[in-house]
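The values are calculated or read from the model by the stated rules, or taken from the named source; none is laboratory data. What you are looking at is a predicted structure, and each value in this text was computed from that prediction instead of being measured. Neighbour counts are summed over all protein chains in view; Cβ atoms, including those assigned to glycine, are modelled from backbone coordinates with ideal geometry. Just the protein is used for accessible areas: all its heavy atoms, side chains included, with ligands, DNA and RNA removed. Shrake-Rupley method; radii C 1.70, N 1.55, O 1.52, S 1.80 Å.
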Amino acid sequence: SADAVSEYDFLPNADSLSKCLFMADRGYFKLSYLDSINKADGCYLVRAKATSNPLVLSGVNANGKELKRFKKAKLKDVKKHIRRSQLVDMDVEGKTAYRMIASWPAGKSEPTYWATNLPRDKYPSSAVIKLYSLRWQIELLFKEWKSYNNLRKFSTTNAGIMEGLIWASLLALLVKRRIGFSIQKLMGIDISSFMVAKNTQSWFYQLMESITHDSNSQTRPVWYWVIDYLSKYAKRAHPERDRKTGRLRYGLVSLNP
């Protein structure tokens, strides 16, 4: 959206999020919208604003032990106890009832809050916080678009040309990722989508050029060369570490049709 236009106007319709998980930063913390997702049988996980002050109905620590201080009190009145408990999982009530998780990172002057309707029995507080960290992939996606797919400034005032260039940028990223994750599945290695994009000039233009010539005899050797090239130079640097502490620890894989 344009800087002068509210992002709220571009949020997906809550009814379209049934059986889906909506994740967003605190700029999208709007209880009426989150409640509509809940009523549509969808789930949400959103950073809550530090100024939030709902009524805390109950609270437990990371081990599920009930915290007596967190019972029928305003959040601002029990906030100081979050530091001692390190992580607090609360049932709260404001304009609507929801689950709020709070932690107080070392060195920070304020706690961090998350609002969610994910069930506590299936998603303990520590898992919810780890799940939210996957939002960083969205920021990396934007970086990839801007840095390696030219989704920046366009030297034109023609709206039609500008729209075409935007679509070309978006589609280029999808094609690159589709190729990268196909090679990952084909070769059984962990591919870095960032490295696939970063090496665009080395492989992508050559492959696209061979395809436009509509010649299997020309495309086939280039495609085999691309497989070999990306298998060597677009591998994840530390896949074993990523399986323990990074993105791969969640067992997520790319979906290929």
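Brief remarks follow.
- Filter result for the condition that a residue is surrounded by fewer than 13 Cβ atoms within 10 Å (Cβ to Cβ) and basic (Lys, Arg), over Lys176, Lys198, Lys153: Lys153
- Selected residue [more than 19 Å from Cys43 (Cβ to Cβ) and in contact with an Asp or Glu (Cβ under 8 Å, 6 or more places away or on another chain)] from Ser193, Ser202, Ser169: Ser193
- Residue, modelled with the lowest pLDDT, within the stretch 224-253, restricted to residues that are of a type outside the set (A, V, I, L, M, F, W, C) and open to solvent by less than 60 Å² (accessible area, probe 1.4 Å): Gly251
- You will find that of Asn216, Asn256, Asn158, the residue that is among the polar types (S, T, N, Q), exposed (fewer than 14 other Cβ atoms within 10 Å of the Cβ) and at pLDDT 90 or above is Asn158 and no other.
- Number of positions in the stretch 67-91 that are of a type in the set (Asp, Glu) and more than 31 Å from the chain's Cα centre (by Cα): 1
- Condition check for Asp214: acidic (Asp, Glu), touching a strand residue (DSSP E or B) at 6+ places or on another chain (Cβ under 9 Å) and assigned by the TED database to the domain that holds Arg243: no
- Scanning the stretch 99-137 for residues that are open to solvent by 80 Å² or more (accessible area, probe 1.4 Å) and either assigned to a helix (DSSP H, G or I) or touching a Cys at 6+ places or on another chain (Cβ under 7 Å) (or both) yields Lys130, Trp136.
- Residues within the stretch 27-57 that are among the charged types (D, E, K, R), within 23 Å of Leu75 (Cβ to Cβ) and touching a Ser or Thr at 6+ places or on another chain (Cβ under 9 Å), tallied: 2
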